[in-house]
1. Can you give me the number of residues within segment 27-66 that are away from the ligand (no atom under 16 Å from the Cβ) and in contact (Cβ under 8 Å) with a residue 60 or more places away in the chain?
2. Being within 16 Å of the ligand (Cβ to nearest atom), of a type outside the set (Phe, Trp, Tyr), within 30 Å of Ala360 (Cα to Cα) and modelled with pLDDT of 95 or more: is that true of Gln491 here?
3. Can you pull out the residues in segment 303-349 that are more than 19 Å from Leu226 (Cα to Cα), β-branched (Val, Ile, Thr) and touching a residue at least 12 places away in the same chain (Cβ under 8 Å)?
4. I'd like to check something: does segment 41-54 contain any residue that is open to solvent by less than 10 Å² (accessible area, probe 1.4 Å) and over 18 Å from the mean Cα position of the chain (by Cα)?
5. Looking at segment 589-612, I want the residues that are farther than 18 Å from Tyr578 by Cα and have a partner that is open to solvent by less than 40 Å² (accessible area, probe 1.4 Å) with Cβ atoms under 7 Å, at least 6 apart or on another chain. Which pairs are those?
6. How about segment 243-255: which of its residues are open to solvent by 10 Å² or more (accessible area, probe 1.4 Å) and either out of contact with any helix residue (DSSP H, G or I) (no Cβ under 8 Å at 6 or more places or on another chain) or part of a loop (DSSP other than H, G, I, E, B) (or both)?
7. Return the only residue of Leu680, Leu688 being open to solvent by less than 10 Å² (accessible area, probe 1.4 Å) and not small (Gly, Ala, Ser).
8. Do the conditions hold for Met638, that is, is it under 23 Å from the mean Cα position of the chain (by Cα) and either touching a residue at least 12 places away in the same chain (Cβ under 8 Å) or closer than 27 Å to Glu736 by Cβ (or both)?
Amino acid sequence: MKDEQLRELLADLTLDEKIGQLLQVAGGLYDTDALVTGMLDYFKITDEELALTGSVLSISGAEKLKKIQDECMAKQPHHIPQIFMLDIINGFETIYPVPLGQGATFHPESAEKLAEMAAKEGAAAGVHVTFSPMADLVRDARWGRVMESTGEDSYLNGLMSAAMVRGYQGENVADKGRLAACVKHFAAYGGAEGGRDYDTVELSERTLREEYLPAYKEAINAGAKLVMTSFNTLNHVPSSGNRWLMKQVLREEMGFDGMLISDYGAVGEMINHGFAKDEVQAGELALKAGVDMEMMSLCYAHGLKQLLEQGKITEEMIDESVYRVLVLKNELGLFENPYKDADAAEERALCLCDEHRQLAMEAAAESFVLLENKEQILPFTVGDGKKTALIGPFMESPKVYGSWSFPHDDDSIVTIRQGVEKNQSGEPVSYHRGSQFFSADKKLKNGEYLSYDALLAEELLADALAAAKEADRVVLCIGEHPQQTGEAASQTVLQVPEEQMKLLRKVQEVNDNIVTVVFTGRPLELKEIKELSKAVMVVWFPGTECGNAVSKVLWGAKEPGGRLPMSFPYSAAQMPCYYNRFRSGRPNNGTLNQAYVMGYIDQIDRMLYPFGYGKTYTEFSYSPVRITDSNGVETKEMRDKQVIKASVTLTNTGNRVGTETVQMYLADLFGSVVRPVKQLRGFRKVALQPGKSAEVTFEITEEMLRFYNIDMDFVSEPGDCRVYIGSDSMTDNFAEFELI
Ligand code: GLC
């Protein structure tokens, strides 16, 4: 539809129709099989209000959505189509690594391909918008939603979020197989105090702008069509009513002109926050902050007419939001084709097809982070005749996908056992569950109930130990349950459940050749697992192709390609943790018993495994860092904003081919405000044959050195800087230069 036609349509709408377009309701109101991603019982909508709603979330299926679209449009006086939105955050039916695992790949191009694949499946299933990417910076692993982020570094998050937007949207969201992307949760939801979901966020404007906002901005610059408000207050103001954040920062500074949708019930929750006295005021605050669509609360439906009559808002304000809703529907081509790509045959053909499975498997292997490999126990040698006991509750569990994934059938998931049986069919492997997930009955946050059976526990353990005694080695598959992560899953204990740790300890008593495969959606305390295992590999929640990826990596057909996107501490008590911290006036040198320095007296002030860390199956060496000017001449200066280059010679000093994730960090040693010890500003994945070398070069620009100075101007400042190039954030391989 042309814009003037949209304007004519808008002008022709009744006030009720306009207000209806600003409301999104859960699919459960249309279909009992719809996903439930929030509370429902509070939501009392009338049939008349339901008939005029503009959008439905959490429902999919080509035939189902076509039918709902027909029913809804028939009730709409102007037959305006619905827009269907869904949380497709790491795959629709073909499920790939959770976003934190995608962050571990340090491979934005992969994230883009995965998003494109998910969009094809979701679009064929009738979905129009995905509530992804989640661009929240995270520094506290107690927060269950770190699983949905790509980690603790805003530079990496920005690249990953922008890549996902490109993957979902392509050149034109109206094109076949494309979805509109909704970047979330604006803003700084990941900064929740104490890692407690929905708790307050207190940030200086400098930290907000320097660390928390950049990734949203990258997603918006990549063209994200929607932004979602966050549940949290930011410095005492709930995001959904925060005019400074939404009007000045999002609209004016970031130039976002798309549709702003609230999170689930977040407008109405401003009453709970004590920011609005009732629905009417909540609606007024949200509309004035520029929230276009209200998800699952009825403040607009119940209050906008009254606000108009009271002269507190104008119809033009309502029109502005309705127009953005209509524009989005128009950009998706819904006025011409309300079904867009919904096609049951296409949905069946695309979902879980071999090509998509292969993509998911590659991504899974690339997301795995090898943390320990003592005595080079990995990779196993095919045909070496060694007996392997595959043990643990994840050994044949299909629950190896994130808590925002909803496969129609768990049978589509390749378990570790299935992967090993398929890819290592000639290997002597035995399979043992070993333990239950937990040591007692457990009601999971999705309502699942896992009852504990003490007798079964004894049987499982006895069976596993008998096998471990006989085996040459053990692969132990343990970890947190996926339902321990995601929304409303904050935890104070960051450990593999005790029932599984008991299994590890018992197995280690009879066989110390243990490879521990850890399933997790967050950093965990891995000190004991490190001590009791020869190898430790974090696999996050790999998704559909879990078993194929794990078996191929264990037996060396694939290499573990991941590096940590979040710091793994010794203890949860160290939270929040992040590598790009400040030195303080009394820096800690990483040892205990130093007097009067920053840190703890009972824990070294370091991470067990730092941001960026991960091993390969080979070894790499780095030459010292060289800095050259644009003529290739060695220099120690960056003058007049000229671009300089920092290089190393990387060598594969091992005996196997391998891929190194070379990381480049910058440090500004002095400033008008204190500066982080280092900040990631580049990375490169370099594959090398054994014995081979390659020059790895990064361009350094003056823009990379900019920050919010003492006057809150975003500038660089002359002075001494360092460029680090190494294999993780603790690298001490640097060269100095002066910014002049
Ligand atoms: C949830 C989440 C948000 C999700 C939305 C719709 O509460 O906070 O990430 O996209 O509701 O399911």
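1. Counting residues in segment 27-66 that are away from the ligand (no atom under 16 Å from the Cβ) and in contact (Cβ under 8 Å) with a residue 60 or more places away in the chain gives 9.
2. No: the conditions fail for Gln491.
3. Of everything in segment 303-349, just one residue is more than 19 Å from Leu226 (Cα to Cα), β-branched (Val, Ile, Thr) and touching a residue at least 12 places away in the same chain (Cβ under 8 Å), namely Ile313.
4. yes
5. Matching pairs, first to second residue: Gln594/Asn588; Val597/Asn588.
6. Listed by number, the residues that qualify are Trp244, Gln248, Arg251, Glu252, Glu253, Met254, Gly255.
7. It is Leu680.
8. no
The values are calculated or read from the model by the stated rules, or taken from the named source; none is laboratory data. Computed from a predicted structure; not experimentally measured. With ideal geometry, Cβ positions are generated from the backbone for all residues, glycine too; neighbour counts draw on all protein chains shown. Calculation scope for accessible area: heavy atoms of the full protein, side chains included, ligands and nucleic acids excluded. Shrake-Rupley method; radii C 1.70, N 1.55, O 1.52, S 1.80 Å.
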